[in-house]
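**Student:** Got a structure for you, questions after.
Coordinate-derived values only; no laboratory data. In this text the structure is predicted, and so the values were computed from the model without any measurement. In this analysis, Cβ positions are derived from the backbone assuming ideal geometry, glycine residues included, and neighbour counts consider all displayed protein chains.
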Amino acid sequence: MLRIVASKPSVTVSEYSGRDLATAAQDAVASLQLPSGIRPVLLLLPHSPELFLLHVGLASSGQAPAILPWPTTRVDPEKYRNNLLHQLANLPIDCLVTTPAVAASLAGAVRQRIVSCDAGSHGRFEHDLAGLNAQQITTDARTISAPALASDVKFLQFSGGTTGAQKCVAVTDAMLREQLTRLSDALQISTRDAVVSWLPLYHDMGLIANLWLPMFAQIPSTHFSATDWVLQPELLFQLLEEQGGTICWLPNFALSYLARQRPRMQRTYDLSRVRAWISCSEPVRQTSFTAFADAFRDWGVRSESLQASYAMAENVFALTQTNVKCPPRFIGEHASSGRVLPDMDVRIGERGNIEIRTPSLFDGYWSAAGTIRDAFTDDGWYSTGDCGFIDRDELFVVGRLKDLIIVGGQNVFPEDVEAIVAGVRDVHPGRAVAFGVDDEALGTQAIAIVAEMDGEFSERRAADLEKDIRASVTAAVGIAPRHVAIVPRQWIVKSTAGKISRHDTKRRFLSERAHG
């Protein structure tokens, strides 16, 4: 059973099961009247039954759909628009399916063939694009081509980059099957299970763990939009209770966010049926696990139900998973992401770089320049760019190597600093960024922090919050941050995929400092 809860223009619930799903998906594709043999196909659509049906239908018919991010209210509209137009100008894909309003705005301005699909009205973003024309959009007029996709490619995933052209991962039938078989076994999925999710389909956690895994295992899944979750966090608990949800994937920040929202929730919920709250997509923090378990223990959340996974689009999804019968181990603040799934291999390379080799691993990024394999080692392992270590056969992920801050020879992971800042009162959950800035006088880097204030912004509260952050970071890390900027909500820059962009936030921070 696939259940899609949509709130615009009014609350509707669409349900599809078995042959009904296959028929509805086929009908959705047929309604587009796409040219014969066209593949792949870009989908730029809001959370809606149409998005789900078209993805499933196009994948089943061999037309290799690729889902572009539809923005939430938390994404900067100008950055999103610019990045979207950049992607459309450079992606070697010739067909785009989007809403009539966006289609009208982009007509004649992008090189893709645009096909309209009525997936409801979703005002702000469509308003942001309204009135654009070819003269306002700079595109490359050259023909962009790419190697033909292999016939067994089921769909494309975009790897979660924050700048530059999107990286395309071509997922084949075999890769998907290898991933889903191992993940369902690791989670010990049975007919008693059900999944509830607000995670968007353009993210591998939403697409693979919450859509394809339930379809593969033949268990129910219920989906609502990320925007609805942000506006009403307890909707997740409501749907878990109503639909008998037993498995729920969440990014780490969501655990802390939900814990802080407990006092504002309108009623109590029975969460005792949820056997797995799986933290994924960012380093797992003990403080987040503890806060979530403490906040909702009286609603049935058990410590042993809190789990972790290390996953990436390049591997289709999961590389590791916590044992479903016990919580992850912690070494300091860092959580184990569990043991590697069967027949998957991981090793630690130079500077702690996590390298992997698995049956579901891609063979390189699909692009106009061909298949790009520069992230592979000479002996065929994929270099993830993440830093970690192995202890007692369990993988611990520390952070991204490229974001490492080096202060006087001491390595500081921005993720560690951000976790400390997240625990400071009055910092908005999940909205703190740390990065390194050059200190030319001392010939090294210094720590800079940007944190959004929770609630109404005021200079007095900002000054107090800055002192608290400085004290907390200095005490925990042993290095005083050079810069601490307290900013209003939605100041921090996010990528088109909805993830915080350290690169662009740092650039904005330095630009505003330079201009006083």
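**Student:** What number comes out for the charge environment of Val346, summing +1 per Lys or Arg and -1 per Asp or Glu over other residues with Cβ under 9 Å away?
**Tutor:** Once positives and negatives cancel, what remains is 0.
**Student:** In addition: Arrange Asp416, Asp464 by Cβ neighbour counts within 10 Å, fewest through most, would you?
**Tutor:** By the 10 Å Cβ count, ascending: Asp464, Asp416.
**Student:** So, one more: So how strong a dipole does the chain carry about its Cα centre when Lys and Arg Cβ are +1 and Asp and Glu Cβ are -1, to the nearest 20 debye?
**Tutor:** Result for the chain is approximately 520 debye, rounded to the nearest 20.
**Student:** Amide H of Gly399: which non-local residues (sequence gap of 5 or more, or other chain) have their own amide H closer than 5 Å, using H built in the peptide plane?
**Tutor:** Correct list: Cys387.
**Student:** Putting +1 on Lys and Arg Cβ atoms and -1 on Asp and Glu Cβ atoms, find which of Phe509, Gln266, Trp381 reaches farthest to the positive end of the dipole of the chain.
**Tutor:** Gln266
**Student:** In addition: Select from Val41, Ala104, Ala318 the residue farthest towards the positive end of the dipole of the chain; place +1 on Cβ of Lys and Arg, -1 on Cβ of Asp and Glu, and compute about the Cα centre.
**Tutor:** Among Val41, Ala104, Ala318, the one farthest towards the positive end of the dipole of the chain is Ala104.
**Student:** A further question follows. So if I take the alpha carbon set of region 404-514, get Rg, then get Rh from the Kirkwood formula, what is the Rg over Rh ratio?
**Tutor:** Using only Cα positions, Rg/Rh for region 404-514 is 0.94.
**Student:** Give me the Kirkwood hydrodynamic radius of the chain, using the inverse of the mean 1/r over all pairs of distinct Cα atoms, in Å to one decimal. Spell out each step's value before the answer.
**Tutor:** Details: mean 1/r = 0.0419 Å⁻¹.
After inverting the pairwise mean of 1/r, the radius is 23.8 Å.
**Student:** Quick check: net charge around Ala194, other residues with Cβ under 12 Å of its Cβ, Lys/Arg +1 and Asp/Glu -1?
**Tutor:** Net charge in that neighbourhood comes out at +1.
**Student:** With charges set only on the Cβ (+1 for Lys and Arg, -1 for Asp and Glu), what does the dipole of region 430-469 come to about its Cα centre, in debye to the nearest 20?
**Tutor:** Roughly 100 debye, rounded to the nearest 20.
**Student:** Place a +1 charge on the Cβ of each Lys and Arg in region 169-401 and a -1 charge on the Cβ of each Asp and Glu, then give the dipole magnitude about the Cα centre in debye, rounded to the nearest 20.
**Tutor:** 740
**Student:** Reachable lysines from Lys154, Cα under 20 Å, same-chain residues fewer than 8 places away excluded?
**Tutor:** Lys167
**Student:** Now for a separate question. Please give the calculated 222 nm ellipticity per residue for the chain, where each DSSP H segment of at least 4 residues contributes -39500 (n - 2.57) and the sum is spread over every residue; nearest 500 deg cm²/dmol?
**Tutor:** Mean residue ellipticity at 222 nm (helix-derived): -9000 deg cm²/dmol.
**Student:** Among Arg182, Arg339, rank each residue by its count of other Cβ atoms within 10 Å, from fewest to most, as a rough exposure measure.
**Tutor:** The most exposed by this proxy come first: Arg339, Arg182.
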